[in-house]
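The values are calculated or read from the model by the stated rules, or taken from the named source; none is laboratory data. Note that the structure is a prediction, hence the values are computed from the model and not measured. Methodologically, a virtual Cβ is constructed for each residue, glycine included, from the backbone with ideal geometry; neighbour enumeration extends over all protein chains shown.
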Amino acid sequence: MTARTHIDDSHVEDSIRRTRRGDTAAFAVIVRRFETSLRTWLTGHVPPGIDVDEVAQRTFVAVFSRLDEYTPGSQFEAWLFTIARYQLKTEMTRLRRVADYHARYAPDLLQRELQRRGDEPPELLAARLDHLKVCLQGLGEHLRRFVTWRYDEEIPLEEMAVRSGRSVVAVKKQLWKIRQSLQQCVEARMAEAEGGAS
């Protein structure tokens, strides 16, 4: 028998009262009591591409920040799931907007960036590649494996998600962060090299 089965409604209400009084640690009781049912519900309702863990976490953050709005003694679980539905709807709307933006603007932005890089002198491109190699070495091993999978082995995102135990959305987000980090590293090294040469 797990600890969760011992957390009844009176424990939940008591934890809510204590959390409202400033005992933030008491909120852990609420998370333990509802996280399994919330994740189970989300798993059955999220479309492909949405990270269940992300929506669950946002739901608990929203519940914590809005705890003063809850009416003591009413159906807390129903109130929590109403917030979860709103968080899921918000995430779906956000992803639709992102997809729409990329569908409209990504090809043009990519074309401009390729044009800009194609106009660079060969020695500048070679310098960028050298800096990129150094920046890649600066990544942790757990991050370099994502780069290897995606760009060396050309593994699909779905397979990367399986290998890393993450959702496809989480893998995309991780790759985006890695690319941003590498780009900033290369630009910083390029600027430093130019400063030293002048």
When every residue in region 29-76 that is among the small types (Gly, Ala, Ser) and over 22 Å from the mean Cα position of the chain (by Cα) is compared, the one nearest to residue 158 (Cα to Cα) is 74
Counting only residues in region 142-183 that are assigned to a helix (DSSP H, G or I) and more than 20 Å from the chain's Cα centre (by Cα), the one surrounded by the most Cβ atoms within 10 Å (Cβ to Cβ) is identified as 148
Of the residues in region 18-76, those that are aliphatic (A, V, I, L, M) and closer than 29 Å to residue 164 by Cβ come to 28, 31, 38, 42, 46, 50, 52, 55, 56, 61, 62, 63
Residues of region 75-91 being surrounded by fewer than 17 Cβ atoms within 10 Å (Cβ to Cβ) and of a type in the set (Phe, Trp, Tyr), in sequence order, are 79, 86
Yes or no: region 95-113 includes at least one residue that is in a helix (DSSP H, G or I), over 27 Å from residue 50 (Cβ atoms) and modelled with pLDDT of 75 or more.
no
Scanning region 30-74 for residues that are out of contact with any Leu (no Cβ under 7 Å at 6 or more places or on another chain), surrounded by 13 or more Cβ atoms within 10 Å (Cβ to Cβ) and polar (S, T, N, Q) gives 37, 57
